[in-house]
1. How would you rank 217, 386, going from fewest to most other Cβ atoms within 10 Å of each one's own Cβ?
2. List 325, 248 from most exposed to least, where exposure is judged by having the fewest other Cβ atoms within 10 Å.
3. Taking 7 Å along the Cα-to-C-beta vector as the label spot, tell me the residue 217-residue 56 distance in nanometres, rounded to one decimal.
4. Which lysines, on any chain, are close to residue 252 with Cα under 21 Å apart, when same-chain ones fewer than 8 places away are left out?
5. Rank-order 122-134, 343-355 by packing density, defined as the average count of other C-beta atoms within 10 Å over each peptide's residues, highest first.
6. First check a/c for segment 240-398, with a ≥ b ≥ c the square roots of the eigenvalues of its C-alpha gyration tensor; if it is under 1.5, answer rounded, and if not, answer prolate when a/b is larger than b/c or oblate otherwise.
7. Kindly work out what percent of the DSSP beta bridges joining two residues of segment 240-398 are antiparallel, to the nearest 5.
8. Would you list which lysines come within 22 Å of residue 71, measuring only between C-alpha atoms, while excluding same-chain residues fewer than 8 positions from it?
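Derivation of every value follows stated rules applied to the coordinates shown; laboratory data play no part. Computed from a predicted model, the values in this text were never measured in an experiment. Every residue, glycine among them, receives a Cβ derived from its backbone with ideal geometry; neighbour counts consider all protein chains shown.
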Amino acid sequence: MENHDYPVPTLFMIPLVQFLTGLLLLAALLHGQRDLILLTLLVLSLYGGVKLWTRISLSGITCHSAVDRQKVFPDEKIILRATAENRKFLPVWLQIKIPVVGLLNLASGEATLTNESALLWHQRTHFQWELTAERRGVHQIGPPRLLAGDLFAFSSRGKKEEEFQQIVVYPRLVPLRPFSLPKSDFFGVPGAKSPVQDPIYILGTRDYQHGSPAKHIHWKASARHHRLQEKLFEPTAQEKVLLIVDVDQFAKRNAEEAFERTLEIVASLAVRLDQRNCPVGLLTNGVTTGEDRTLVPVARNPQKLSAILEMLARLQMKAKADMMDLLYRGIELPGSISCVHFSYEENQTLSALAWYFGHRRTPVTFFVCEPRFDSGEHSFKDRHKIRSMDDLCPKEVGR
């Protein structure tokens, strides 16, 4: 932590004025001008006292900052509070500057928050700002820059604190049109370990158990056996959804606006699936800020949605791997999942992915920002699986 002097250009602190004052003192001594000697000595003493005051002004000064929330959606408010304390007997003038990257100060619209106060001995002061999250991403508040000096603010000395706050801004949530997930069975696929019973898969009948729903009674079998019989269902595995974001084409086309819109749609779809108690996960081949992960496993728990939204917030428009290579080199996908793939346009990767998921018998739907409407020999064979992003969220709604 380095300290620097920041002289304020007042009359007494200008080097030329100090030099002339010294010459004036010399002339006064040579001519025996008592009043002029006292005046020049007073000015030079003031200068020396201010320099000494400034030199020790940062000693015993502490500053701590905090925010009320570290994870927000765009346009949500954030309260930033800073506390400064003077732990010595010498009073000081204090100014605090906090850089805010990616957030907007509603009061001034500036990228740096500034406030100042006079601190007496062993006094504490509080500063507060209201900020608004401006855009998706991971943004930093601070570290604070402190300027301290004499109470007249003739001169100041600054230092940079090490403490800073990190704000995660999720993608904006947008309204989506009704969307049916691609799946082969209404309740999923048969699975003996699942507690979910599928009324489609009927294994047989058994004597009616007290407490079972009356709608499960098999009336024909009951008449045949002369006692109540109920249907015995085969349990099924609950449908799971994996959201896939392919960053590669967005980066190659430098389509930043389309990329942000796609992340908003993916985030909104994840929230909708979570509200329906559907296990959901996220896979991407993009670089994530501050993390080295590509997959949020498909699961249903209270922390899963937050992990998906944070990963979307940290996602950059920069690919670190090919999507097919990612799937073949260690990404293990659970069975009985449905996939929803998002990319910028149709390309050979989509054909390869369609073959890959078809070989696994995994239902998949592709959403692209720039669909092709031709039917030439190079067009996508499973065209019914490709849909435009506008089918899920119109542009005028998403932006």
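1. Numbers: 217 15, 386 19.
Fewest-to-most Cβ neighbours within 10 Å comes out as 217, 386.
2. Numbers: 325 11, 248 20.
Going from sparsest to densest Cβ surroundings: 325, 248.
3. Roughly 9.4 nm, to one decimal.
4. Result set, ordered by chain and number: 318, 320.
5. Details: 122-134: 15.7, 343-355: 17.5.
So the order, starting with the most tightly packed, is 343-355, 122-134.
6. On the way: a/c = 1.35, a/b = 1.22, b/c = 1.11.
Judged from the Cα gyration tensor, segment 240-398 comes out rounded (a/c under 1.5).
7. Values: 6 of 26 bridges.
For segment 240-398, the DSSP antiparallel bridge percentage is about 25.
8. 304
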